[in-house]
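Presented below is the structure to which this report refers.
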Amino acid sequence: MVEEWANMGRDLHLVLDPRHKTDSLELAVRDMIRDGRLARGTRLPATRGLAHDLGMARNSVAKAYERLVGEGWLEARVGAGTWVASSARTTGRSTLADPTVTGHEPLPRLDLRAGIPDTTEFPRAAWAAAMRRALARVPASALGYGELRGVAELRHALASYLGRVRGVVVDSESVHVAHGAGHAMRLVCRALRARGARRIAVEEYGHLLHREILAASGLDVVPLAVDDAGLAADVLDGSRVDAVLLTPAHQFPTGVALGPQRRAAVVAWARRTGGVIIEDDYDGEFRYDRRAIGALQSLAPDRVVFVGTASKALGPAVGLAWCALPAELVPLVAEQRRLEGSKPDALTQLALAELLERGDYDRAVRSARTRHGARRQHIERLVAERMPSAGIVGMSAGLHCLLELPRGIHEADVTEQADAVGLAFEGLETFRAAGARGAAERKPAMVVGFGAPPPHLFEEAVEQALGAVERASG
Ligand SMILES: Cc1ncc(COP(=O)(O)O)c(C=O)c1O
């Protein structure tokens, strides 16, 4: 059936399958964005008008719009309407969005990359209320230049939250609020460099961006081996580094926890050498099978920088992370912040403080934990049923797990097969820093970031992932 989209003011034609109108509307709009017939920023007709024109229920049109918003093709604001997203990719490979907007890889339709949370349940109402309350309360004096390390209300709220939830030992004076974990790492590494540090160790497997940030801060980055109990702490001793970046609660992305003896050994190294440990606690609140392991920081608050983020419980768009600093680093980190010329975004910080104080942040964590935990269970079940020769490894935690591949299947082949169906799916090897001291062979594995797909695409993404593994074996 060919319908004319008359109220767009252009001659656009929609081909809708009368039996699956919602699906085919979604498909048609996506295609029109992809091939440029609907340019970025183009406003879409209101759901009521379009439903009338197409002889559909208004709900069905709204559902198609909602899905396209979830996939990033459209943007919507209550009261303002719906339009083609500024990040929608209008030419080139069909499934990908504009890389210049994300600053990362282009966005694929199906995404199982690690580290991306499901943001569809962002607590919009609670955030809006917190913003309103913050604005109503804030004195004019707090709307000025303010403190570089962050507004006092948020630092207080964080010191108490981190103590209660992660066992972090810190007072509000030593909390520094940053714009993301990477930003916090940059500030800390520049501060370390400024006082003479030269070399920093990282785990052999990790976040490439963070290794780049460390290097861009002027430090030599030294990768050290990671095994089933996390960083092989004995290699730290001979590495002549001034600091080490670790993910103790949930090694990224191999998924293991730093064992108790290793924790003690790393702390002993820091005490012996005066070294600094940066603890990246990016998903410490997300443990599904038992209580989360407390922060390493509590063993040595004078040697450990604890870094946390709002990106997983709320969403990266909040743009806030924090660190708990050893007292000696507080002025050095503030000085690096000053040199950046950046100012704290007091209003967003006050809203987050409200969220923390009213328990809304805890509720958001619990909601995100439930949703992500269910996704992980789904994957475990499906793999056990469909692909018993593969295995899910890593702790029941966080937003990703490892899918160890059946014998003879190569990570790159799986990625290629996934790519062919519009699925971003990365192998463990892509996270590895070459030349790690003490490194041993590992079984090939895919990193399954189960937070990234919106709910309606999650099962399809996992199905396609297993399909890619199956095709890679043939
Ligand atoms: C290892 C690791 N650390 C930290 C973060 C959080 O970073 P940010 O606060 O910049 O969003 C992520 C997100 O992907 C991550 O994978």
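The values are calculated or read from the model by the stated rules, or taken from the named source; none is laboratory data. In this text the structure is predicted, and so the values were computed from the model without any measurement. FYI the Cβ positions are ideal-geometry reconstructions off the backbone, even for glycines, and counts take in every protein chain you see. Ligands, DNA and RNA are excluded from the accessible area calculation, which covers all protein heavy atoms including side chains. Shrake-Rupley method; radii C 1.70, N 1.55, O 1.52, S 1.80 Å.
Determine whether the range 202-217 contains at least one residue that is open to solvent by 10 Å² or more (accessible area, probe 1.4 Å), more than 18 Å from residue 309 (Cβ to Cβ), without any contact (Cβ under 8 Å) to a residue 40 or more places away in the chain and not in a loop (DSSP other than H, G, I, E, B). Yes; the residues of the range 202-217 include at least one that is open to solvent by 10 Å² or more (accessible area, probe 1.4 Å), more than 18 Å from residue 309 (Cβ to Cβ), without any contact (Cβ under 8 Å) to a residue 40 or more places away in the chain and not in a loop (DSSP other than H, G, I, E, B). Determine, yes or no, whether residue 232 is away from the ligand (no atom under 16 Å from the Cβ) and surrounded by 20 or more Cβ atoms within 10 Å (Cβ to Cβ). For residue 232, the condition - away from the ligand (no atom under 16 Å from the Cβ) and surrounded by 20 or more Cβ atoms within 10 Å (Cβ to Cβ) - is met.
Just one residue in the set 276, 221, 244 is touching a strand residue (DSSP E or B) at 6+ places or on another chain (Cβ under 9 Å), surrounded by fewer than 22 Cβ atoms within 10 Å (Cβ to Cβ), of a type outside the set (D, E, K, R) and over 25 Å from residue 425 (Cβ atoms); that residue is 221.
Among the conditions (1) at pLDDT below 95; (2) surrounded by fewer than 17 Cβ atoms within 10 Å (Cβ to Cβ), residue 119 misses just one, which is (2). Among the conditions (1) more than 18 Å from residue 311 (Cα to Cα); (2) touching a helix residue (DSSP H, G or I) at 6+ places or on another chain (Cβ under 6 Å); (3) assigned to a helix (DSSP H, G or I); (4) not basic (Lys, Arg), the only one that residue 392 does not satisfy is (3). Just one of the numbered conditions (1) surrounded by fewer than 18 Cβ atoms within 10 Å (Cβ to Cβ); (2) within 24 Å of residue 379 (Cβ to Cβ) is not true of residue 287: (1).
The condition (being in contact with a Gly (Cβ under 9 Å, 6 or more places away or on another chain), more than 13 Å from the ligand (Cβ to nearest atom) and part of a loop (DSSP other than H, G, I, E, B)) is satisfied by just one residue among 256, 244: 256. Scanning the range 393-416 for residues that are touching a Leu at 6+ places or on another chain (Cβ under 6 Å) and buried (at least 19 other Cβ atoms within 10 Å of the Cβ) yields one hit, 394.
Taken over the range 273-285, the criterion of being away from the ligand (no atom under 12 Å from the Cβ) and either hydrophobic (A, V, I, L, M, F, W, C) or closer than 26 Å to residue 215 by Cβ (or both) is satisfied by 273, 274, 275, 276, 277.
Against the definition (open to solvent by 10 Å² or more (accessible area, probe 1.4 Å), more than 16 Å from the ligand (Cβ to nearest atom) and in a loop (DSSP other than H, G, I, E, B)), how does residue 149 come out, yes or no? Answer is yes for this residue.
Here the condition is being within 16 Å of the ligand (Cβ to nearest atom) and crowded, with 22+ Cβ neighbours inside 10 Å; of 348, 309, it holds for 309 alone. Checked against the criterion of being within 16 Å of the ligand (Cβ to nearest atom), in a helix (DSSP H, G or I), open to solvent by less than 20 Å² (accessible area, probe 1.4 Å) and assigned by the TED database to the domain that holds residue 333, the candidates 297, 251 yield just one match: 297.
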